[in-house]
1. Determine the shielding of peptide A:303-313 by partner chains: average, over its residues, the number of Cβ atoms on other chains within 10 angstrom of each Cβ.
2. Taking the dipole about the Cα centre of the range A:2-324, with the C-beta of Lys and Arg at +1 and of Asp and Glu at -1, give me whichever of A:Ile61, A:Leu161, A:Thr263 is farthest to the positive side.
3. Using a cut-off of 27 Å between alpha-carbon atoms, which lysines can reach B:Lys72, once sequence neighbours fewer than 8 places away in the same chain are excluded?
4. What is the dipole size for the protein assembly as shown, taken about its Cα centre, with +1 at each Lys and Arg Cβ and -1 at each Asp and Glu Cβ, in debye to the nearest 20?
5. Around B:Ala192, under 15 Å between beta carbons, what's the net of Lys plus Arg minus Asp minus Glu among the other residues?
6. Distance from the Cα centre of the range A:83-145 to that of the range A:281-302, in angstrom?
7. Sorted from fewest to most neighbouring beta carbons within 10 Å, what does the list A:Tyr110, A:Tyr235, A:Tyr230 look like?
8. Which shape class applies to the range B:1-132: rounded if a/c is under 1.5, otherwise prolate when a/b exceeds b/c and oblate if not, where a ≥ b ≥ c are the square roots of the Cα gyration tensor eigenvalues?
Amino acid sequence: MTSRNLPFFATLVVFVVAWALCAAQFPAMLSTRVAANLITDNAYLGVAAVGMTFVILSGGIDLSVGSVIAFTGVFLAVTVRAGLDPIAAILLVLVITTAFGAVMGAMIHYLETPAFIVTLAGMFFARGVCFLMTTDSIPIDHPTWDALLSVSWKIPTGGRLTLIAGIMIAATLVGIVLAHLTRFGTYVYALGGNRTSAELMGVPIARTTIAIYALSGALSGLAGLVFALYTSAGYSLAATGVELDTIAAVVIGGTLLTGGVGTVAGTFVGVMIQGLIQTYIIFDGTLSSWWTKIAVGGLLFVFILLQRVLVHLAGRSRDRLVPAT
Amino acid sequence: MTSTLPGRLSFGALPQFATLAAVLLANWLVFPDFFDLRLQDGRLFGSVIDVLNRGAPVAILALGMTLVIATKGVDLSVGAVMAICGAVAATMAAADYSLVAILAAALAVGALCGLWNGFLVAVLDIQPIIATLILMVTGRGIAQLVTEGQIVTFTHEGLIAVAGSSALGLPMPVVIALVLGLALAALVRLTALGLLIESIGVNRTASTYAGVDSRSVLLATYMISGLTAAVAGVIAASDIRGADANNAGLWLELDAILAVVVGGTSLFGGRFSILLSLVGALVIQAMNTGILLSGYPPELNLIVKAVVIAAILVLQSPAAGRLFGFLRRS
């Protein structure tokens, strides 16, 4: 059990040490304002990463996340401009993205195809639909929208928790409950641990697979809403490559890529580490933004390596047990 | 076992050629001048030549991708490797190195990237999609480092000729794609390499136990993919006479995967055809050109591609296979 939690603690240690190093150089890093902004600026990534955690826990992958985020923004912008009430538009788009995810899950299960190619098609499709709706960046301008934007909670000493930061924290908490305290969560872990065993033990594979991708679709839609609130616009080229950032966050957060092991809380820390790298580069001012990509890639490599070592060690200790019993 | 080359082409290749013919026919219907060719200054010009020329980079990427997918892997980094190699080539061209030195350096960098991917997959046993994701994420950052964040432009005659000149009346990229395709097809089909790749794709563990040096074969496969990406990157840089680290080869990894899948190579590994992947790349480019010619918004492209992937998935799926088998029996 300790070796299972080790990646998560490694992530946590990396985050705390990294923040301490940053704070030693820039004391302002410790302010609650920076902390709150860290959450706000990465809220869309965090929400999408919760969905991705479930997908990867089940042994799958979802490449359509970025496109679905862009689709949600464009859909909201276009429908609100056409006169639809923002609340109705939000509900509608969440239903659409959930259904979209469910269809992909059904294709993965019933066509028995690798998840990456099905969600690749989904990625093309969602992005294409964005382009068909509009190729312009459309501002979202509506009293209800402004009301949503003005919601925030003050934290002592200057920080301000915005609505989108609240959505991210809520999504993470719901994800934690869903993963560890519900039957669905158990099914997901079982499916990722060993599909055949799970099926023999009576896990409803079809229903669970469809539900996992529907959940990822719904959370991608929610992430799209967060992104649209963050930028107050819908743009069909927005959020390209976010699927890779979310996968990186999930992996850095200690979820095993082969499925079955990992936590939603770890993913949250993974997102925060990526945000911290970005914040540091902004604070520093001399480093170029592409260092973010290189640093994230480097971290990704280190954590994957750590996983391999742990899996290898676990396999060795299991081998040693076999002759003894 | 259909291991002879002619056998594969005559029987299994029918759907691909039929698709290509259908797409070309559709293009001809919306644009009657589609098949018109004219010869000027010893070079052919026309829409068909344009399809071939524009499709060449994806076709070259698809060559390496075919072998990788045949081992039941995937190489997501080819677009980023294109950007790195293009950046290397453009930076060296701006500093006036000789063409030989530029090409050697670009290819060496491509091979090195491939070796890195191969090392992660073959030695560290990381799933290919994740292993190559690392380079996909970092690659563009590395390319930015090479160009120091700028779009490097050059007036190097030799490098411009890589995409700008012609041979046998055809644009040079088309000739390069054809020669590479034939060379690679010969390499895998006239030696045992193709068979080894297929056996690893079917079952890597069993192949290893049967004496296949699967580690070396996988390393070689990913290196070939890195090399083809380097060639495509040099062509792309030569084409725009510069290197754009952000946009060179962007999303081309997906087009290359699509070309391979359209070419009938199984995503489950173990069955591949290099020449049909070239046909697949042509189908994709002909679709792109057709959508542009017919006056539809180019944005429709993505949806068409998605529908094509979905259709192929349905046809390739084990479930469909069982259904066909059931219908045939009854």
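1. That works out to 2 on average.
2. It is A:Thr263, whose Cα lies furthest towards the positive end.
3. Leaving aside lysines fewer than 8 places away in the same chain, those within reach of B:Lys72 are B:Lys305.
4. I would put it at about 1720 debye.
5. My count for the surroundings of B:Ala192 gives -1.
6. Between the Cα centres of the range A:83-145 and the range A:281-302 lies a distance of 30 Å.
7. A:Tyr110, A:Tyr230, A:Tyr235
8. oblate
Bear in mind that the values in this text are calculations on the coordinates, not laboratory data. Please read all numbers here as calculations on a predicted model, not as lab measurements. Note that each Cβ is placed from the backbone with ideal geometry, even for glycine, and that neighbours are counted across all protein chains shown.
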